[in-house]
Amino acid sequence: MQTAIKRSAVYVYEAPVRLWHWVNALTITVLAITGYFIANPLPTMPGEASDHFLMGYMRFAHFAAAYIFTVGFIGRIYWAFVGNEHAKELFRLPFYRLSFWKELLHEVRWYAFIEKEPKKYVGHNPLAHLTMVAIITVGGIAMVLTGFSLYAEQTGLGSWQDQLFGWLIPLVGQSQDVRLWHHWGMWIIVAFVIIHVYVAIREDIVSRQSLISTMISGWRMFKDDRP
């Protein structure tokens, strides 16, 4: 007779956080695909050039997704103030706690298949927490700044995009430098997404708590009642 495993659940991610997560995933996908083709346009199209507006559609999709990403990011900052404790994790890193770095090292060893058993966390584990802050928060801000500064070149001097973001290009050097930073940022985020999906599936299978279903329902399910 198989012994039943006691399960417990904690409500972690509120609906606005979950909605932002999935909208963010969609916008990043659109931004990455269209951004790649903007940087590496198709060499040719059949027929007359006047019959096609493919790159125009790609640029429109890129700009539209960028606006959605930015508005969503601003909304996520707002929810960090009014949401629960876990909504603040994306903008608050407890780097001053020694226990944080010890648990982070444990997670590194766990992902490297050195530790035999993972620990239990209600929110993000320390390694995921650090990565999310570095890539999503800091990286997201960098992509918004560089992206809108390049966009300001098209909207022209005096536009609100130019007034808010136009200062970045002369600060960095020239627009091509900003474009390179923006392009490299895209590849960093793409690499993060690949690793993130792998880790999410892996942790859902072998860790002691749910992961993918948590970002759908909001509830963190624990597979055992041990500490």
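Structural remarks
- In terms of the mean number of neighbouring beta-carbon atoms within 10 Å, the peptides 157-170, 140-153 order highest first as 140-153, 157-170.
- For Tyr11, distant residues with modelled amide H under 5 Å away: Arg220
- Cβ-Cβ distance of Ala9 and Ile33, R₀ of 35 Å, FRET efficiency by 1/(1 + (r/R0)^6): the value works out to about 0.45.
- Just so you know, the averaged projected area of the alpha carbon convex hull for the stretch 1-131 sits at 14.3 nm².
- For the stretch 179-227, trypsin sites (Lys or Arg not before Pro) are listed when DSSP marks them as loop and at most 16 other Cβ atoms sit within 10 Å of their Cβ; the list is Arg208, Lys223.
- One decimal place: the segment Ile68-His21 gains 15.7 nm when fully extended, by the rule 0.36 nm per residue minus the C-alpha distance.
- Largest GNM mean-square fluctuation across Val190, Val30, Val108, computed for the chain with C-alpha springs under 10 Å, falls on Val108.
- FRET efficiency for the His52 to Leu93 pair, using the beta carbon distance and R₀ = 41 Å, is estimated at 0.30.
- Here the Kirkwood formula puts the hydrodynamic radius of the stretch 165-227 at 14.9 Å, using every distinct Cα pair.
- Label assignment, Rg/Rh (Cα atoms, Kirkwood Rh) derived from the structure, set [x] 1.10; [y] 1.05; [z] 1.00: [y]
- Approximate spin-label separation Ile205-Leu42, in nm, with each point projected 7 Å along Cα-to-Cβ: 3.7 nm
Since every read-out is calculated from the coordinates, none of them should be taken as a lab result. The shown structure was predicted, so the numbers you read here are calculated from the model rather than taken from an experiment. Because the Cβ atoms are built from the backbone with ideal geometry, glycine has one as well, and the counts that use them run over all protein chains shown.
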